[in-house]
Ligand SMILES: CC(C)(COP(=O)(O)OP(=O)(O)OC[C@H]1O[C@@H](n2cnc3c(N)ncnc32)[C@H](O)[C@@H]1OP(=O)(O)O)[C@@H](O)C(=O)NCCC(=O)NCCS
């Protein structure tokens, strides 16, 4: 059985192994926990028996008009059971008071998001690969 929660309070790094599958330089569980705590809205899928986090989705928002969804991931061994669908549904419900909800995804995943009423769009992005495992300090400090 999977439980869905909306806070990282009480979550430990031991519950956060196995994410960022396939990333050459993945964030550590400590960095992952920091990312979750610093996000504006999160949904976590937790396996009831093991207490392990098996899926997560995050959003960054101004709480006025816009939100961006940077991360959605379900652990490989838990995929194909509807957990990703639930995480997206919970997140879109939580953001439903906003005008713009954006994310980037591969073409093969567009049908997955279209089922939630999302539509295809063009976008741009930049990646600083040196920082793939996480910035050591908040971006505002970085900017000086
Ligand atoms: C994308 C992801 C979160 C989906 O999680 P999941 O729990 O396996 O998804 P669900 O079981 O809810 O799948 C819902 C539907 O989407 C489809 N789907 C899931 N992943 C898909 C993929 N990669 N490509 C195409 N369709 C996909 C499923 O076939 C399923 O369809 P069905 O209802 O007809 O069976 C998961 O594959 C994942 O973590 N991938 C790696 C990270 C990633 O790509 N994240 C998205 C970043 S934009």
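Readers should treat all values here as calculations from the given coordinates under stated rules, not as data from a laboratory. Model, not experiment: these values are computed from the prediction. Quick reminder, even Gly has a Cβ in these numbers, built from the backbone with ideal geometry, and neighbours come from all protein chains shown.
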(request) Would you please name the residue that is farthest from residue 71 (Cα to Cα), looking only at residues in the range 99-112 that are more than 8 Å from the ligand (Cβ to nearest atom) and touching a residue at least 12 places away in the same chain (Cβ under 8 Å)? (result) 99
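State whether one or more residues within the range 118-132 are touching a residue at least 60 places away in the same chain (Cβ under 8 Å), more than 18 Å from residue 7 (Cα to Cα) and not in a helix (DSSP H, G or I). First the steps, then the outcome.
Just the residues of the range 118-132 that are touching a residue at least 60 places away in the same chain (Cβ under 8 Å), to begin with: 129, 132.
Then drop every residue that is not more than 18 Å from residue 7 (Cα to Cα), which leaves 129, 132.
Imposing the further condition that a residue be not in a helix (DSSP H, G or I) reduces the set to 132.
The answer is yes, given that some residue of the range 118-132 is touching a residue at least 60 places away in the same chain (Cβ under 8 Å), more than 18 Å from residue 7 (Cα to Cα) and not in a helix (DSSP H, G or I).
For every residue, the table says whether it meets (1) assigned to a strand (DSSP E or B); (2) without any contact (Cβ under 8 Å) to a residue 12 or more places away in the chain; (3) closer than 20 Å to residue 16 by Cα.
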position: 49; (1), (2), (3): no, no, yes
position: 63; (1), (2), (3): no, no, no
position: 71; (1), (2), (3): yes, no, yes
position: 84; (1), (2), (3): no, no, yes
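In this structure, does residue 96 turn out to be without any contact (Cβ under 8 Å) to a residue 24 or more places away in the chain and either more than 15 Å from the chain's Cα centre (by Cα) or within 16 Å of the ligand (Cβ to nearest atom) (or both)? Spell out how you get there, then give the answer.
Working: without any contact (Cβ under 8 Å) to a residue 24 or more places away in the chain: yes; either more than 15 Å from the chain's Cα centre (by Cα) or within 16 Å of the ligand (Cβ to nearest atom) (or both): yes.
So residue 96 passes the test.
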